[in-house]
Amino acid sequence: MATSRRRARSVLATLGAAAVLVGGATAPAGATRAERYVALGDSYTSAPGVPVQVDANCARSNSNYPSLTARTLGVASFQDVSCGGATTAEMWRAQGTNAPQLDALTRRTTLVTLQIGGNDIGFGEIISTCARLGATDPTGAPCTAHYTSGGTDVLARRIAAAAPKVHKVIKAVHQRAPQAKVYVLGYPAITPDTGTGCWPSLPTAAGDVAYNRATAKRLNAMLRVVATLTRATYVDTYKPSIGHDACQPPANRWVEPLVPASPSAPFHPNATGEKAMADALLKQLARSGRH
């Protein structure tokens with residue numbers, strides 16, 4: 001009888017050891033799971049003009065930051081539904097051949113990145129308005145005067161109005177993908193962090209550069225606050241981009257000016273800028289224990 005009990009204990013011990021070796025409940029220290037990754041966003045995510053373009057409808061590159069991140073992580077699945085021109089509304093409605101972006105999420109999704117809000121405040125319209133007005137007074141501040149006439153900062157109000165829209169998007173992400181960790185990326189610098197710009201490469205009047213810079217920082221600050229309030233993690237892409245704005249020499253810049261020297265849309269990240277955003281995201285994922 002004693003011999004039988006010893007044999008039973010031996011068998012149980014062997015089975016227990018085997019269970020650990022073939023994937024028991026405890027993973028090895030430092031191991032990370034294979035993510036099921038969905039990327040949502042606008043043109044700063046899709047990367048128009050950056051080779052290789054794989055979706056003409058959305059001006060989407062296979063070398064944008066989500067694609068670079070997915071390859072680095074070795075994810076189990078990856079779906080990039082970012083689309084140039086997207087606003088928060090396109091999370092729920094189709095954009096040409098691109099289905100509503102939130103439709104890409106499932107209950108199995110484990111990682112979501114979101115970069116949105118720039119078009120909600122009128123990114124393209126701001127660029128064109130400041131360029132048009134700047135041409136009439138390149139040393140003045142006509143764009144600042146335009147958007148703050150009457151004592152109200154129109155762009156500040158637009159950012160405030162966009163906040164609940166971004167909040168609603170992140171809430172919907174959590175509802176559709178309850179297992180997912182959500183990362184909200186800010187926007188990198190277009191204008192220099194100091195100084196008066198580089199007219200006409202950056203067609204913003206000298207006196208308007210400070211206002212545009214402050215507006216970009218206000219937008220990013222809003223995204224940071226909303227991310228915090230919605231159990232998402234904010235990824236700062238602005239701070240790393242200081243010194244790599246559209247006024248820098250081609251070899252140093254991450255965002256292209258009016259006439260790009262590297263394949264990109266004007267005032268958008270080039271391939272180096274997309275890699276820099278991927279690096280910022282990967283660093284944050286590492287801090288969160290997901291890389």
Size of electric dipole in the stretch 187-262: Cβ of Lys, Arg +1 and of Asp, Glu -1, about Cα centre, debye, nearest 20: 300 debye
Dipole of the stretch 249-291, positive end: most advanced residue of 266, 288, 252 [Cβ charges, Cα centre]: 288
Cα-centred dipole magnitude for the chain, charges only on beta-carbon of K, R (+1) and D, E (-1), debye, nearest 20: 2000 debye
Of all accessible heavy-atom area on the chain, the percent that carbon and sulfur account for (1.4 Å): 58 percent
Dipole of the chain, positive end: most advanced residue of 122, 160, 232 [Cβ charges, Cα centre]: 232
Inter-probe distance in nm under a simple model that places probes 7 Å from Cα toward Cβ, at residue 132 and residue 56: 3.0 nm
Cα-based helix-to-principal-axis angle, 209-229 vs the chain, degrees rounded to 10: 30 degrees
Relative contact order for the stretch 160-218, counting Cα pairs under 8 Å that sit 6 or more residues apart, in percent: 22 percent
Contour minus Cα-Cα distance for residue 165 and residue 252 (0.36 nm per residue): 27.9 nm
Candidates 61, 82, 262: whichever shows maximal mean-square fluctuation once the chain is modelled as a Gaussian network with Cα springs under 10 Å: 262
Estimated translational D of the stretch 29-113 in µm²/s (Stokes, Kirkwood radius over Cα pairs; 37 °C; 0.692 mPa s): 251 µm²/s
Per-bin percent of Cα-Cα distances, the chain [10 Å]: 6, 26, 31, 18, 8, 4, 3, 2, 1, 0, 0
Distant alpha-carbon pairs in the stretch 208-291 (separation over 18 angstrom), percent: 52 percent
Using alpha-carbon coordinates, inclination of helix 271-287 to the longest axis of the chain, degrees: 40 degrees
Accessible area of residue 158 in the full protein assembly, 1.4 Å probe (Å², nearest 10): 70 Å²
Kirkwood-type radius of the stretch 49-161, with distances r between different C-alpha atoms, in Å: 16.8 Å
Separation of the residue 175 and residue 157 label points, Cα + 7 Å toward Cβ, nm: 2.9 nm
Range of Cα positions in the stretch 139-208 per principal axis (Å), largest first: 52, 29, 16
Heavy-atom accessible area ranking, 1.4 Å probe, most first, across 211, 65: 211, 65
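The values are calculated or read from the model by the stated rules, or taken from the named source; none is laboratory data. Values in this document were obtained by computation on a predicted structure and should not be read as measured data. Because the Cβ atoms are built from the backbone with ideal geometry, glycine has one as well, and the counts that use them run over all protein chains shown. Areas reflect the complete protein model, heavy atoms only, side chains present, ligands, DNA and RNA absent. Shrake-Rupley method; radii C 1.70, N 1.55, O 1.52, S 1.80 Å.
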